[in-house]
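Values quoted throughout were computed directly from the atomic coordinates according to the rules given, and no laboratory measurement underlies them. This is a predicted model, so every value here is computed, not measured. FYI the Cβ positions are ideal-geometry reconstructions off the backbone, even for glycines, and counts take in every protein chain you see.
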2 protein chains.
Amino acid sequence: MQTHDSTAASGEQDPLAIESALLAELGAELVTTSADIDPRYFSAYNEAPGRRPLALVRPRSVGDVSRTLALCARLRQPVVPQGGLTGLARGGVALGGEIVLSMERFAGIESVDAAAATITVRAGTPLQAVQDAAAAAGFTFGVDLGARGSCQIGGTIATNAGGTRAIRYGVMREQVLGLEAVLADGTVLSSMNRMLKNNAGYDLKQLFIGSEGTLGIITRAVLRLRPKLGAPATAMCRVAGYDAVLRLWDRMRAVTDVVSFEAMWPSFYQYVSTHTPGVVAPFAGEDGFAVLIEFATSTPGGDAAQTLEACLADCLEAGLIDDAALATSERQARDMWTLREGLAIDELPHLVNFDVSLPTGELGAFAERCEAALRARWPDIVCVFFGHIGDGNVHIGVSLAELDDALADELDRTVYEVVQEMDGSISAEHGIGVLKRAYLACTRSDAEIALMRLLKAALDPQRILNPGKVL
Amino acid sequence: MQTHDSTAASGEQDPLAIESALLAELGAELVTTSADIDPRYFSAYNEAPGRRPLALVRPRSVGDVSRTLALCARLRQPVVPQGGLTGLARGGVALGGEIVLSMERFAGIESVDAAAATITVRAGTPLQAVQDAAAAAGFTFGVDLGARGSCQIGGTIATNAGGTRAIRYGVMREQVLGLEAVLADGTVLSSMNRMLKNNAGYDLKQLFIGSEGTLGIITRAVLRLRPKLGAPATAMCRVAGYDAVLRLWDRMRAVTDVVSFEAMWPSFYQYVSTHTPGVVAPFAGEDGFAVLIEFATSTPGGDAAQTLEACLADCLEAGLIDDAALATSERQARDMWTLREGLAIDELPHLVNFDVSLPTGELGAFAERCEAALRARWPDIVCVFFGHIGDGNVHIGVSLAELDDALADELDRTVYEVVQEMDGSISAEHGIGVLKRAYLACTRSDAEIALMRLLKAALDPQRILNPGKVL
């Protein structure tokens, strides 16, 4: 089935005929011909350019998206919908023979409803613009992640992005009240619900959230806003081992003011605390875990720093933590986040990133088993663990001195075998895209994959929407 | 299309042949023959018994459910999945020619994972048993509603139940991490994810949440648990008009400790405060709105009563409220909730309930327009509004001295026309079932209904799952 699905709808397009048909339907203002496409439209994050698309379409309206898909359906022409291209599973790049449909020009905030606490936005809007508009209206937006400046809200919905606030506000799916998407035949499906409660028939928007553009192209959304948070308080704690991290989490999760709870395994903290230029680490990275905690409250008069300080004093006394540093300036808080974001590990040779999830209580054992399995095969491997453990999500950075495709596959299989044995997920927040497609069966059953294929066949019978991704 | 879809799969079943086939496959312990079925299995909440089913199956395992559906698929025999039968849209009752599959014997808590804060439960478990198990493990369950003692968790998931805590924890959909369902052909689809983050392919569980048993039968679920809340503080406030209610909500929603914010329009409060035996209303029901606020905190050392009292003092000073009564005993708090639950209005002659949603800021105008439209047609109509306005959900109780089917339909159309004009939903939390099926197009577009039908055809091509419901 793999090969079957990875084939594009027809694969027999005449590139010039596609170009002319698109130009005739949409005009030169919306269509860039193949030779003129800037490589950034076919380069995944941190990677060399991939396959050049047959054409680039940059719609300015929902009608433009609809006309593009109606034409592609007639011509059986595969389409890759594209957001900010910040994903790590290569879901937004062309594999060969597709046109790319970039949403970057269909951007902007359409409206804010303060009484209902909702914001209506276009797919091409950067996440940060949504956050800024929320703040300007006296609210907070529930999702935040490192790529906020360049990722697009449509892409974050299509991949159900997670990030660092999921323990407080949930992932992207929980922010979406209403959605508009264009189906494979060009039909505009507008489900722009504006209420927290609406049970009038099937909740169709769920089909498009997290399905990576394989069932429809997201054009607009109604998103929830949250009460504005006061100034955050940030602290880094040193914790003896994963069991102590769990006890600390158990204590902290009861406090509604916790926004983030991020754990760094000793090997990760040791590496980033000594390899991040310009950042002073709050403590040396010997053997302990480091936990970054961010607090913020919306309660009037609430003082996050005071609450966090009192919590940490209790935890020190109870022996849950060995040491704690409360950031006393924005600069110190930013440094703590810089360590946690771990850009330093991007410099490791042939870095391979993993993004898996398991129940929080099992992450400690998982990390041990995973590292042991990797080290049994590659004694000199560099292997660091970190993540949003409150939501069961751990990231793994792995580096080998040499890497080729066969080794990369072996690396993947080694990690995913442990995930499979422990009944976890091979993708916590980055999706499946192209990179994890071959491993989907490690984490989903035959019955589940059969139902996914059934949905794909029902919604995109010609398989023109992002072919070769997910399934 | 309506007639087409409302027809059961074949309608040509020989009732005796169905009985014998079920008995042969499942045995007399699981199958009750038609004549022996207790009327409670074919009576909707508060209504006279409806159509007697061809048989009643009460499975004891997922395998039993699977064998039942595999047999029904072979025989093209329609099936009505049934929970606690507490729904108000008649989604769980037979319309004629179906067998009923009651989940009541497949009940119980399977496990609690304290580190991950999840609970694994069987579909037939009453909501209250889930709440109790959560409390025993040191947690709170996120959904609460009046029927907690008799509704089943499978039914609350199948109808995406809402209730009184949605502003804090979301509706049922937000509590479900993993789900197991049996498909129309008997396939067991197990998606028992245990993590807050899992983006490995399509999120199939969403298909079964809120689709009222028309796409599959829910058998088990993994649910989120929330930090245990301290003792709640409850207050009732008198507020001059809907604009003031909105200002009060705007102030209150910023306080994370708010669990419930329930508004009673003057006509509702006047009626229940004078017609609820044994309850002392905190203030007389002249012209104002009454707002019930419940506070509870999970922050160690937090005092909900103190916080609420301080908040209310501020609101009085700011002129947002005219009067406030803080419950000083459990009894007083229960009385406030009894008023809000409004069982007194059940005594009104020929009561018809509506459950609609619109953005919070528009509910005041909606209630005025809706009442004006009803009064223009029936000058003596009794018509009361109340609800969970923080999530946009308002309930309407309407009573006419005389009522027949034609008048009931005219009543529905009058209310739903106003909902449609204001772009709201005809079902906030009770689903579509049978009762609202004819009005689905008031609230969903042709493209949406076409996509719902496409999903139904893909997942249940013989239309044996709860036929005549939703679509």
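Odds and ends about this structure:
- In nanometres and ascending order, the distances from the residue A:347 label point to those of the other copies are 7.8 (point 7 Å from Cα along Cα→Cβ).
- Percentage relative contact order, chain A, counting C-alpha pairs under 8 Å, at least six apart: 16
- Longest segment of chain B lacking GluC sites (Glu not before Pro) that sit in a DSSP loop with at most 15 other Cβ atoms within 10 Å: B:48-285
- Net charge of the neighbourhood of residue A:364, taken over other residues with C-beta under 14 Å away and scored Lys/Arg +1, Asp/Glu -1, is -3.
- Degrees separating the helix A:266-275 axis from the principal Cα axis of chain A, which is the longest one: 80
- Applying the Karplus relation 6.51 cos²θ - 1.76 cosθ + 1.60 with θ = phi - 60° to segment B:118-128 yields 3J(HN,Hα) values of 9, 9, 10, 9, 8, 4, x, 5, x, 3, 4 Hz, where x marks Gly and Pro.
- The fewest-to-most ranking of A:427, A:111 by surrounding Cβ atoms within 10 Å reads A:111, A:427.
- Between residue B:60 and residue B:105, the contour length at 0.36 nm per residue exceeds the alpha carbon distance by 15.6 nm.
- Degrees, to the nearest 10: A:363-377 long Cα axis against longest axis of chain A: 70
- Per residue of the protein assembly as shown, the DSSP helices (runs of n ≥ 4 H) give a summed -39500 (n - 2.57) that works out to -9500 deg cm²/dmol at 222 nm.
- Kirkwood Rh, angstrom, the protein assembly as shown [1 / mean 1/r, Cα pairs]: 29.1
- Tensor-based shape of segment B:233-340 (alpha-carbon gyration tensor, a/c under 1.5 rounded, otherwise prolate or oblate): oblate
- Whether segment B:1-147 is rounded, prolate or oblate, judged on the alpha carbon gyration tensor where a/c under 1.5 counts as rounded: prolate
- Dividing the convex hull volume of the alpha-carbon atoms in chain A by its residue count gives 149 Å³ per residue.
- Percent of beta bridges antiparallel (DSSP, the protein assembly as shown, rounded to nearest 5): 90
- The residues neighbouring residue B:140, those whose beta-carbon lies less than 10 Å from its own, together hold a net charge of +3 under the Lys/Arg +1, Asp/Glu -1 convention.
- Label point of residue B:330 (7 Å along Cα→beta-carbon): distances to the other copies' equivalent points are 5.0 nm, sorted ascending.
- Helix axis angle, A:15-26 relative to chain A longest principal axis, alpha carbon, degrees: 90
- Per-residue shielding of A:234-244, expressed as the average number of other chain Cβ atoms within 10 Å of the residue Cβ, stands at 0.
- Normalised contact order of segment B:109-227, rounded percent, pairs of Cα under 8 Å and 6 or more residues apart: 32
- Filtered trypsin sites (Lys or Arg not before Pro), segment B:193-273: DSSP coil and at most 16 other beta carbons within 10 Å: B:228
- Percentage, to the nearest whole number, of Cα pairs in segment B:174-259 over 14 Å apart: 74
- Around residue A:416: net Lys/Arg minus Asp/Glu count, Cβ-Cβ under 15 Å: -2
- Distance-filtered residues of segment B:258-290 - backbone nitrogen under 17 Å, label point 7 angstrom along residue B:368 Cα→Cβ: B:265-267, B:287-289
- Between the amide H of residue B:144 and those of B:164, B:165, distances stay under 5 Å, these residues lying 5 or more places away or on another chain, with hydrogens modeled in the peptide plane.
- Cβ-vector label at 7 Å, residue B:76, separations to other copies in nm: 3.3
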